Amino acid sequence: VFKLYEYPPSGNCYKVRLLLNQLDIPFERITVDTQSGATRTPEFLELNPNGRVPVLILPDGSALAESNAILWYLAEDTPFVPDSKVDRARALEWMFFEQYSHEPYIATVRNWIAYANKREEFADRIREFRPKAYAALGVMERRLAGRDWFAGNRYSIADIALYAYTHVAGEGEFDLGDYSAIRAWLVRVAEQPRHVPITA
Ligand SMILES: N[C@@H](CCC(=O)N[C@@H](CS)C(=O)NCC(=O)O)C(=O)O
């Protein structure tokens, strides 16, 4: 059985839970408190030398890190990966965008404000990151103009990767009011079969 090392409020960890649920794959959950250094113990670094969750333990006992790599592993040969070669690359295009241009700003600000109690300590960086986060939202809004999904013509792991932190951006005090295509897409994602909320 799969074992997921996770910090439940983390969007990166939620991506993996959401897909496991949508694939109807049973898994065990092990909570790791990222706020107290539990990801940096020698034991944890054996699982992921990069000291971060999520980590998925596969049935053969090996450990896989990086949320979007885990999504790719689980989704291969399922409808959650697009069919054509170019659409599969397109899914990766948006998953790399998520990790380089979106998550570093939106997830980080959300964590400092809503979970780590660092609003004052990191006030300068929050101010610096906010426009970069809105730039990423602007890119998503343009991509979604006139289309329902990020890659191919159906819901895929590219949507899961971007949904994770976009739908809780409000916890980082981001306002999606001007992003109507994103808001409509958030509703479409939440309507997919076997959807589970981040709080589950
Ligand atoms: N690129 C990684 C990021 C993972 C990550 O940043 N994990 C955070 C929680 S969301 C963490 O474990 N932080 C604890 C630490 O850095 O010690 C992924 O997508 O899985």
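The values are calculated or read from the model by the stated rules, or taken from the named source; none is laboratory data. Owing to the predicted nature of the structure, the values given are computational and were not obtained by experimental measurement. Because the Cβ atoms are built from the backbone with ideal geometry, glycine has one as well, and the counts that use them run over all protein chains shown. Accessible surface is based on the protein model in full, side chains and every heavy atom, while ligands, DNA and RNA are left aside. Shrake-Rupley method; radii C 1.70, N 1.55, O 1.52, S 1.80 Å.
Scanning region 96-127 for residues that are surrounded by 14 or more Cβ atoms within 10 Å (Cβ to Cβ), more than 12 Å from the chain's Cα centre (by Cα) and over 19 Å from GLN35 (Cβ atoms) yields SER101, TYR105. Contact map, region 1-20: first residue touching a residue at least 12 places away in the same chain (Cβ under 8 Å), second residue part of a loop (DSSP other than H, G, I, E, B) and among the aromatic types (Phe, Trp, Tyr), Cβ cut-off under 6 Å, separation 6 or more or different chains; pairs are CYS13/TYR7. Of the residues making up region 156-186, those that are within 17 Å of PHE96 (Cα to Cα) and outside any helix (DSSP H, G or I) number 1. You will find that of GLU46, GLU66, the residue that is more than 14 Å from the ligand (Cβ to nearest atom), modelled with pLDDT of 95 or more and open to solvent by 50 Å² or more (accessible area, probe 1.4 Å) is GLU46 and no other.
The listed residues are ALA169, ALA181, ALA200, and the only one of them that is closer than 24 Å to PRO54 by Cβ, surrounded by 13 or more Cβ atoms within 10 Å (Cβ to Cβ) and of a type in the set (Gly, Ala, Ser) turns out to be ALA169. Restricting attention to region 135-145, does a residue exist that is in contact with a Ser or Thr (Cβ under 6 Å, 6 or more places away or on another chain) and open to solvent by less than 50 Å² (accessible area, probe 1.4 Å)? The answer is yes, given that some residue of region 135-145 is in contact with a Ser or Thr (Cβ under 6 Å, 6 or more places away or on another chain) and open to solvent by less than 50 Å² (accessible area, probe 1.4 Å).
Of the residues ILE70, ILE106, ILE57, the single one that is closer than 26 Å to PHE174 by Cα and not small (Gly, Ala, Ser) is ILE106.
Here PRO54, PRO59 are screened, and the one residue that is touching a residue at least 24 places away in the same chain (Cβ under 8 Å), away from the ligand (no atom under 15 Å from the Cβ) and closer than 19 Å to LYS3 by Cα is PRO59.
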